1. Out of residues 5 or more away from Ile123 or on other chains, whose amide H comes under 5 Å of its own, with H placed 1.01 Å from N in the peptide plane?
2. Which whole-number percentage describes the relative contact order of segment 34-142, with Cα contacts under 8 Å and a sequence gap of 6 or more?
3. Using a 7 Å offset from the Cα along the Cα-to-Cβ direction at both Asn93 and Lys15, what is the distance between the two label points in nm, to one decimal?
4. Just to be sure I understand: of the beta bridges DSSP finds with both ends in segment 11-131, what percent are antiparallel, rounded to 5?
5. If you place +1 on the Cβ of every Lys and Arg, -1 on the Cβ of every Asp and Glu, and leave all else neutral, what size is the dipole of segment 11-131 about its Cα centre, to the nearest 20 Debye?
6. Compute the length gained on full extension between Asn29 and Thr76: take 0.36 nm times their separation in residues and subtract their Cα-Cα distance, giving the result in nm to one decimal.
7. Over the Cα atoms of segment 11-131, compute the convex hull volume and normalise it per residue, giving Å³.
Amino acid sequence: MGPSYTFPLTPEQIKARLPDRYLPTVITNRDQTIVAFANWYDWDANDASCWLGNVITAPQHRGTGAARYLVETMMTRAREELGCRRLRLFCHNPNTRALLFYSKMGFAPCRLERRADHKQNPIAAIEMEIQLRRESAGHENL
């Protein structure tokens, strides 16, 4: 979810972030167990862009396609509900798996920012972005 969080995550940590977030989205499995969660922040209507944040997939569901489904859902919602054409995110260097995942999804790195984790250790926040296009012939065109 981010380097400033402490683990294990608590509902209070998630709720504290929601007031300035858009389209909080939860993915569940057939028995309604939460599989993944994400939201958008810093929506800019003039720039038609927003930031993907707080992406988390339950450990037992990693590698199952749940994260791909979540991010594709978030991209569709951002385009259709917020009118976004450009999506951005920060991914931190200790999270190699996520960096490779976002790259595979089409996000490209564009900037690096020095940050600190919850123990104040230095980390690199890698800004990534993807351009969204309109749907064509009923198929999503990302």
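1. Amide H to amide H, under 5 Å and 5 or more residues apart or across chains, Ile123 pairs with Arg115, Ala116, Asp117.
2. Values: 169 pairs, mean separation 24.8, N = 109.
Contact order relative to length: 23 percent.
3. Reported label-point gap for Asn93 and Lys15 is 3.6 nm.
4. Counting only bridges with both partners in segment 11-131, antiparallel ones make up about 85 percent.
5. Numbers: 17 positive and 13 negative charges, 69 e Å.
Computed charge dipole of segment 11-131: roughly 340 debye.
6. Working it through step by step, the gained length comes to 14.9 nm.
7. Working: hull volume 14.8 nm³, N = 121.
So the per-residue Cα hull volume is 122 Å³.
Since every read-out is calculated from the coordinates, none of them should be taken as a lab result. What you see is a predicted model; the values in this text were computed from it and never measured. Here Cβ is always computed from backbone atoms with ideal geometry, including for glycine, and neighbour counts include all displayed protein chains.
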